[in-house]
1. Of everything in segment 200-230, what is acidic (Asp, Glu) and under 21 Å from the mean Cα position of the chain (by Cα)? Give them in sequence order.
2. One residue is enough: does segment 64-82 have a residue meeting the conditions closer than 30 Å to residue 222 by Cβ and out of contact with any helix residue (DSSP H, G or I) (no Cβ under 9 Å at 6 or more places or on another chain)?
3. Pairs please, first residue from segment 213-229 and among the acidic types (Asp, Glu), second anywhere and in a strand (DSSP E or B) and open to solvent by less than 90 Å² (accessible area, probe 1.4 Å), Cβ atoms under 8 Å, 6+ apart in sequence or on different chains.
4. Just the residues that are part of a loop (DSSP other than H, G, I, E, B) and of a type in the set (A, V, I, L, M), please, taken from segment 302-322.
5. Looking for something within 18 Å of residue 205 (Cβ to Cβ) and modelled with pLDDT under 95 - is there at least one such residue anywhere in segment 88-103?
6. Do you know which of the residues in segment 298-311 that are of a type outside the set (Val, Ile, Thr) and surrounded by 14 or more Cβ atoms within 10 Å (Cβ to Cβ) is farthest from residue 279 (Cα to Cα)?
7. Test residue 290 against the criterion of being surrounded by 17 or more Cβ atoms within 10 Å (Cβ to Cβ) and either out of contact with any Asp or Glu (no Cβ under 7 Å at 6 or more places or on another chain) or modelled with pLDDT under 90 (or both), and give yes or no.
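The values are calculated or read from the model by the stated rules, or taken from the named source; none is laboratory data. These numbers come from a predicted model, not from an experiment. Cβ sites come from the backbone with ideal geometry, for glycine too, and all protein chains shown count toward neighbours. For the accessible areas, the whole protein counts, side chains as well, though only heavy atoms, and no ligand, DNA or RNA atoms are used. Shrake-Rupley method; radii C 1.70, N 1.55, O 1.52, S 1.80 Å.
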Amino acid sequence: MMRSLYSLLFLCSFLFSIELDYTVENTNIITTNKQQTKDYNRVRLNLTLAGEKYENSILKLITDNENFYNKTEDSNTNNSSIYRGYFKYTDDKHLVSIGLQRIPFGVGRIWNPIDIFNPIDSTSIEPQNREGVESIRYEYAIDSVSNLELAYSKDETSFKIKSYLEFADFAAVAINDNKANQDILGYEIEGEFLNSGIELRSEGGYFKDKEFDENYYKYILGGEYGFENSLTILGEYLYDNKNDLKNIGLNISYTITPLLNITALNIFNTDDKSYLLSTTLFYSLSDEMLLSYGYFNYNSKDNNSQFSNIYNTHFLKLSITF
C-alpha cells in the first residue's frame with residue numbers, strides 16, 4: 001500500500017508539473033526502567049505536493065516505519081503506517097481539509113480536556129507526536145477576527161465559532177462524541193493580561209454521559225510568562241469532577257546556551273499527593289540533529305493513586321532530519 005501511495009504522488013507530480021518536496025526523519029528512542037529496556041526506531045517520510053499553478057491546494061502524506069525491540073524479552077516487531085495523509089484547500093474565506101489529519105482543539109499546554117480528537121499526553125516522551133483522525137474539516141472566515149469551524153469523523157462531530165473580543169480570543173464549542181457516547185458544550189479563551197506579557201488561558205466544558213445519564217465538567221486554568229533571559233514558566237490547574245482529579249502542572253523551560261535547553265515538568269495531584277517529575281535536556285548537535293535525555297520520576301504513597309504502579313524511566317532520543 002505504501003509503495004502505491006508513493007507511486008501515485010510521484011505520478012501526479014510528473015503529470016501536473018507540481019513540485020514534490022520531501023524530508024526524511026529518523027528518530028531513535030531507548031527507554032529503560034525497572035521492568036524492561038526497549039529500543040524504538042522510527043523512519044518518517046514527509047511528502048508534500050504543491051505548486052504555483054495550484055497555490056491554494058496541497059497534498060500531504062507522512063508515513064512511518066516503526067521498529068520495536070524489547071531487549072528484556074528479546075522480541076522484535078516492525079510496522080508501517082500513515083501518520084498524516086490529507087488534501088487541503090485554502091482561500092481568503094474557506095479552508096477545506098480531507099483525510100487523516102490533526103484537528104486543532106483547545107488552548108491548554110499540559111492538558112486538553114475538550115480535545116476528543118487527539119489530546120495532549122504530557123506523560124509521553126513525545127507529547128507533540130499526536131495521532132491524527134480520518135475526518136473532514138471546514139473553516140469559514142466570517143471576518144478578519146472571527147471564524148467558524150466544522151469537523152466530522154466516523155465517531156465525532158464538532159462545531160466551533162471563534163472570535164477576538166478586544167482582550168482575548170474566545171471560542172464556543174459543541175461536540176457530539178459517539179465513541180465515548182457523550183455530548184460536550186465547551187469553551188476556549190486565551191489572551192494577554194493587561195499588556196504585561198503574561199498569557200492567560202482556559203478551556204473546559206460541560207459533559208453529558210448519555211450511557212449512564214451523568215453530567216460532569218472539566219476545565220483548566222493556566223498562565224505563561226517568558227523572561228528576557230530565555231526562562232519560560234508555564235502553569236496549569238486541571239479540575240475533573242468525573243475522575244475526581246485536581247492537578248497542578250508546572251513547566252519550566254530554560255535556554256542554557258544556544259545549543260542546550262532544559263525543560264522540567266511537574267504534575268502534582270493535590271488529593272493523594274502523588275506526582276510526576278519529568279526533566280529533559282535537549283542538545284542540538286547540528287541544524288539537522290537533536291539529542292535529548294530525559295527522566296520520568298513518579299512518586300506515590302497510595303497504590304490506588306494517579307501515578308501508582310508506574311516505573312521511573314530514563315530515555316535517550318536522537319532525531320536526524322535529511
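1. So in segment 200-230, the residues acidic (Asp, Glu) come out as 203, 209, 211, 213-214, 224, 228.
Those that are acidic (Asp, Glu) and under 21 Å from the mean Cα position of the chain (by Cα): 203, 224.
2. Initially, segment 64-82 is screened for residues closer than 30 Å to residue 222 by Cβ, giving none.
Checking segment 64-82: not a single residue is closer than 30 Å to residue 222 by Cβ and out of contact with any helix residue (DSSP H, G or I) (no Cβ under 9 Å at 6 or more places or on another chain).
3. 214/208; 224/199; 224/201; 224/232; 224/233; 224/234; 224/235
4. Narrowing segment 302-322 to residues part of a loop (DSSP other than H, G, I, E, B): 302-312, 322.
Across segment 302-322, the qualifying residue is only 310.
5. To start, the set of residues in segment 88-103 that are within 18 Å of residue 205 (Cβ to Cβ) comprises 103.
Applying the additional criterion that residues be modelled with pLDDT under 95 yields 103.
Yes, segment 88-103 has at least one match.
6. Step one: of segment 298-311, the residues of a type outside the set (Val, Ile, Thr) are 298-309, 311.
When the remaining residues are screened for being surrounded by 14 or more Cβ atoms within 10 Å (Cβ to Cβ), the result is 298-300, 305-308.
On the way: 298: 12, 299: 14, 300: 18, 305: 22, 306: 19, 307: 16, 308: 19 Å.
Of everything passing the filter in segment 298-311, 305 is farthest from residue 279 (Cα to Cα).
7. On the way: surrounded by 17 or more Cβ atoms within 10 Å (Cβ to Cβ): yes; either out of contact with any Asp or Glu (no Cβ under 7 Å at 6 or more places or on another chain) or modelled with pLDDT under 90 (or both): yes.
Yes; evaluated as a whole, the condition is true for this residue.
Here's the yes/no breakdown for (1) in contact with a strand residue (DSSP E or B) (Cβ under 6 Å, 6 or more places away or on another chain); (2) among the hydrophobic types (A, V, I, L, M, F, W, C); (3) part of a loop (DSSP other than H, G, I, E, B); (4) buried (at least 17 other Cβ atoms within 10 Å of the Cβ):
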{"position": "238", "(1), (2), (3), (4)": "yes, yes, no, yes"}
{"position": "249", "(1), (2), (3), (4)": "yes, no, no, yes"}
{"position": "253", "(1), (2), (3), (4)": "yes, no, no, yes"}
{"position": "262", "(1), (2), (3), (4)": "yes, yes, no, no"}
{"position": "265", "(1), (2), (3), (4)": "yes, yes, no, yes"}
{"position": "268", "(1), (2), (3), (4)": "yes, yes, no, yes"}
{"position": "273", "(1), (2), (3), (4)": "no, no, yes, no"}
{"position": "276", "(1), (2), (3), (4)": "yes, yes, no, yes"}
